[in-house]
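Take a look at the structure set out below.
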Amino acid sequence: MSERDDIYTRPHESVADFEFNSAVARVFPDMIKRSVPGYAETVAMSGIIAARYAQPGTNLYDLGCSLGAVTLAMRHALKNSDCRIIGIDNSQSMLERAGHYLALDDDGPEVDLICADICEHPIENASVTALNFVLQFIEPEKRLSLLSRIAEATCDGGALILSEKIAFSDSEQSIQDTLHHDFKRANGYSDLEIAQKRSAIENVLIPETEEVHRDRLKAAGFSQVIRWYQCFNFVSYLAVK
């Protein structure tokens, strides 16, 4: 069962860089619900999009699957499918909890959970890939290579769901940041928690503009890119091959 996110409630003399360790895995559902506006809708709609673009006998990937929320959304949407769902994450702590959730809900296609680096692990015979709030944690110089491998492995008519925290021009960035912090306060985070989390994540999560995302998805090999969802500075794209 998820616990309340209390990681940054007490002052830290030195705030370490954010990582998806066992402490984060313990509180992750609460953390992401209270930190990412529109997260529940993004997860639910990922299942609906997957059902639309999944093709018989193919693989569906949830890259950076964390606790498997999108994996489960896909499984529920494709109950009678012969597709195979593969969740990959480099955090064993996350995968152990994901396995528990999947064991409680085993109605649907077969699911494999793999502990691996998504930049290195093979991607094959894909019709749908979800990359939700993950690319932003990967070094910018590795992002095109990963997206290109996904596009190459995706069958014609298949799709990528890409959700990210994005960057804006200076004037809009200030407004979006303010609204995001207001969202966090409304969900019970203190100014201390917000400040310490920001310090922890600023060198780890590197956002980019929508123009950069669109251009890179096209360069990777996707023919059509649409923004299907946005809530403040959190955006989700559908890229179709």
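The values are calculated or read from the model by the stated rules, or taken from the named source; none is laboratory data. As the structure is a prediction and not an experimental result, all values here were calculated from the model. Note that each Cβ is placed from the backbone with ideal geometry, even for glycine, and that neighbours are counted across all protein chains shown. These accessible areas exclude ligands, DNA and RNA; they are computed on the full protein's heavy atoms, side chains included. Shrake-Rupley method; radii C 1.70, N 1.55, O 1.52, S 1.80 Å.
List of remarks:
- Note on the stretch 6-26: residues that are in contact with a strand residue (DSSP E or B) (Cβ under 9 Å, 6 or more places away or on another chain) and more than 24 Å from Cys115 (Cα to Cα) total 0.
- Residues that are in contact with a Pro (Cβ under 8 Å, 6 or more places away or on another chain) and closer than 12 Å to Ala130 by Cα, drawn from the stretch 75-92: Ile85
- Verdict on Arg143 being more than 15 Å from Leu238 (Cα to Cα) and in contact (Cβ under 8 Å) with a residue 60 or more places away in the chain: yes
- Among the residues listed as Leu179, Leu162, the single one being surrounded by 15 or more Cβ atoms within 10 Å (Cβ to Cβ), among the aliphatic types (A, V, I, L, M) and either touching an Asp or Glu at 6+ places or on another chain (Cβ under 6 Å) or touching a residue at least 12 places away in the same chain (Cβ under 8 Å) (or both): Leu162
- Within the stretch 184-241, being closer than 18 Å to Gln136 by Cα, open to solvent by 30 Å² or more (accessible area, probe 1.4 Å) and among the polar types (S, T, N, Q) holds for Ser199, Asn203, Thr209, Gln230.
- Sole residue being in contact with a Ser or Thr (Cβ under 8 Å, 6 or more places away or on another chain) and without any contact (Cβ under 8 Å) to a residue 60 or more places away in the chain, chosen from Arg227, Arg214: Arg227
- Of the residues making up the stretch 40-56, those that are closer than 24 Å to Cys115 by Cα and touching a residue at least 60 places away in the same chain (Cβ under 8 Å) are Thr42, Val43, Ser46, Ala50, Ala54.
- Gly99 small (Gly, Ala, Ser) and not in a helix (DSSP H, G or I): no
- The condition (being farther than 30 Å from Thr58 by Cβ, among the basic types (Lys, Arg) and modelled with pLDDT of 95 or more) is satisfied by just one residue among Arg198, Arg185, Arg143: Arg185.
- Checking each residue in the stretch 119-132 for being buried (at least 22 other Cβ atoms within 10 Å of the Cβ) and either hydrophobic (A, V, I, L, M, F, W, C) or without any contact (Cβ under 8 Å) to a residue 60 or more places away in the chain (or both) picks out Ala126, Val128, Ala130, Leu131.
- Applying the condition of being within 19 Å of the chain's Cα centre (by Cα) and not hydroxyl-bearing (Ser, Thr, Tyr) to the stretch 98-113 and asking which residue is most open to solvent (accessible area, probe 1.4 Å) yields Leu113.
- With respect to being touching a Leu at 6+ places or on another chain (Cβ under 7 Å) and more than 21 Å from Val70 (Cβ to Cβ), Ala200 falls outside the description.
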